[in-house]
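Engineer: Let me give you the structure first, and then I'll get to my questions.
Bear in mind these aren't lab numbers, they're just calculated from the coordinates by the rules spelled out. Computed from a predicted model, the values in this text were never measured in an experiment. As a convention, Cβ positions derive from the backbone with ideal geometry for all residues, glycine included, and neighbour counts pool all protein chains shown.
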Amino acid sequence: MILLSKTLRYFIVTAQEQSIRMAALILCITPSPLCRTIKLFELNLGHKLFTRTSTGLKLTNYGRDLYATLLPLYQEICEIEKKVIKKNHEPRNGNMNIKIGLDHHDYSYMSSIFSSPVFKDSRNNVSLEYYSPNETNIDDILERDLCQMFITQKSVKCSSEVLHQTLSADTIMLAVKSDLRTSLLKQTDLIKNNILLQDAPYQNDSTYEKIEEYLAKNRLTPKRVFIPELYVQLSMIEKGDAISFMSSSVSNIINERNFKVKLIPFEYNGAKLFTERHVYYTRLYQDFIEEKLLPLIVNQDKCLAC
């Protein structure tokens, strides 16, 4: 960002995500500098901006008013940067700048990229940008060079300058404590007898609608806790008495961080439930994306269709 201050962007993203970890992931920083920036901002303002709750961060009354005041300004500056500041993503002296767009919160799917030498190599500036799933025009984002690669669950029609690959479908799983003897329990009992952790649902999310249909059909009314932060969900599950619906790609995070959580394929109408996954990217960055980034995702793909 050239026109936007770091403090403003950090505050807006944290307010939108209501999670330090999730905001830090979107901003491509660690949680510590984000916390320091927010605390310094609060100190300079003389007011608390956030309070911690059992479900994540919440804006204080002052924080909510400030967010409402700053958001239009933030959006206006973003638009000015897009129109006036011409970003040059073409490689210089062997360097490459790639921004990957996402329209969902399944960041676990990106772990294979972020843990790879490609991401850690200082010559490759690979970052992540989150877009609202209900308002995203993927073709426009790629055409305007706001992102060079976009991963989504939606199949969309794009211009001839945008390339597309369909990835293996991601299996919807039940995440439970690893030592739970699931072979002795029916799927309905697992859901009925445990707290159900969920992300906030998105509009027109067919997978979410099918899960809700399953719960209603089987007259299941588990206690629900809506927690957008993946790491909090996994921590609660490994302590017991809680489960969650997750895509199979979360196995990367479970294995990397040694969470005591296992994944069981969720059956919907006697069959597994899948989520589609698509990758779109522009021809200008085709060589780098197809040689460096896509193989990481494709190799991971082979392990996801359980």
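Engineer: If you average the C-alpha positions of the range 4-43 and of the range 121-196 separately, how far apart do those two centres end up, in angstrom?
Structural biologist: For the range 4-43 versus the range 121-196, the Cα centre distance is 23 Å.
Engineer: Is there a quick way to get the dipole size of the range 6-84? I mean about its Cα centre, with the Cβ of Lys and Arg at +1 and of Asp and Glu at -1; what is the value in debye to the nearest 20? Don't skip to the end; give the middle numbers.
Structural biologist: Values: 11 positive and 6 negative charges, 55 e Å.
In debye, rounded to 20, the range 6-84 gives about 260.
Engineer: For Lys260 and Asp139 in one chain, what is 0.36 nm times their gap in residues minus the Cα-Cα distance, to one decimal in nm?
Structural biologist: Details: separation 121, 0.36 × 121 = 43.56 nm, distance 4.00 nm.
Full-extension gain reported as 39.6 nm.
Engineer: So, how do all the Cα-to-Cα distances of the chain break down into 20 Å bins, in percent, from 0 on up?
Structural biologist: 29, 58, 13, 0
Engineer: Continuing with this model, one more query. Filter the cross-link list Lys6/Lys154; Lys58/Lys239; Lys99/Lys157; Lys48/Lys120 down to pairs whose alpha-carbon distance in this structure exceeds 30 Å.
Structural biologist: On the way: Lys6/Lys154 32 Å; Lys58/Lys239 24 Å; Lys99/Lys157 21 Å; Lys48/Lys120 35 Å.
Beyond 30 Å between Cα atoms: Lys6/Lys154; Lys48/Lys120.
Engineer: Rank Ser168, Tyr268, Gly101 by how far each Cα sits towards the positive end of the charge dipole of the chain (+1 on Lys, Arg Cβ; -1 on Asp, Glu Cβ) and give me just the farthest.
Structural biologist: Checked the options; the winner is Tyr268.
Engineer: Using the crude model of +1 on Lys and Arg Cβ and -1 on Asp and Glu Cβ, and no other charge, please compute the dipole size for the range 170-275 relative to its Cα centre, in debye to 20. List each step's numbers first, then the result.
Structural biologist: Values: 14 positive and 13 negative charges, 89 e Å.
Approximately 420 debye in magnitude.
Engineer: Given labels modelled 7 Å from the Cα in the Cβ direction, how far is it in nm from Ser132 to Glu212?
Structural biologist: Taking the two extended label points, one gets 1.9 nm.
Engineer: Let me ask something else. Can you sort Met110, Met22 from fewest to most other Cβ atoms within 10 Å of each residue's own Cβ? Before the final figure, lay out the partial values.
Structural biologist: Working: Met110 21, Met22 24.
Fewest-to-most ranking of Met110, Met22: Met110, Met22.
Engineer: Give or take rounding to whole Å, what are the principal axis extents of the alpha carbon atoms in the range 170-275, in descending order?
Structural biologist: Ordered largest first, the range 170-275 gives principal extents of 34, 31, 24 Å.
Engineer: For Thr7 and Lys157 in the same chain, what is the full-extension length gain: residue separation times 0.36 nm, less their Cα-Cα distance, in nm? Mind dumping the intermediate values first?
Structural biologist: Values: separation 150, 0.36 × 150 = 54.00 nm, distance 3.67 nm.
Taking 0.36 nm per residue and subtracting the Cα distance, the gain is 50.3 nm.
Engineer: According to a simple spin-label model (label point 7 Å from Cα along Cα-to-Cβ), what is the distance in nm between Ser178 and Lys239?
Structural biologist: 1.8 nm
Engineer: List the DSSP H helices in the chain whose Cα atoms stretch 30 Å or more along the helix axis and whose mean Kyte-Doolittle hydropathy is at least -1.0. Walk me through the numbers before you get to the answer.
Structural biologist: Details: long enough: 61-84 (34 Å, -0.30).
The qualifying helices are 61-84.
Engineer: Quickly work out the Ser54-to-Arg36 label distance, labels modelled 7 Å from Cα along the C-beta direction, and quote it in nm with one decimal.
Structural biologist: Distance between label points: 3.4 nm.
Engineer: Could you please state, rounded to a whole Å, how far the C-alpha centre of the range 210-229 is from the C-alpha centre of the range 251-294?
Structural biologist: 23 Å
Engineer: If you don't mind, there's one more thing I want to ask. If you place +1 on the Cβ of every Lys and Arg, -1 on the Cβ of every Asp and Glu, and leave all else neutral, what size is the dipole of the chain about its Cα centre, to the nearest 20 Debye?
Structural biologist: Magnitude of the dipole: close to 980 debye.
Engineer: For the range 6-84, compute the orientation-averaged projected area of the C-alpha convex hull (one quarter of its surface), in nm².
Structural biologist: Working: hull surface 21.3 nm².
It is 5.3 nm².
Engineer: Express in nm, to one decimal, how much length is gained between Glu79 and Arg219 on full extension, taking 0.36 nm for each residue of separation and deducting their alpha carbon distance. Intermediate values should be presented prior to the final figure.
Structural biologist: Values: separation 140, 0.36 × 140 = 50.40 nm, distance 4.74 nm.
Value of the extension gain: 45.7 nm.
Engineer: Would you be so kind as to identify which of Phe259, Pro295, Ser112 lies farthest towards the positive end of the dipole of the chain, taking Lys and Arg as +1 and Asp and Glu as -1 on Cβ and the Cα centre as origin?
Structural biologist: My answer, from the dipole projection, is Phe259.
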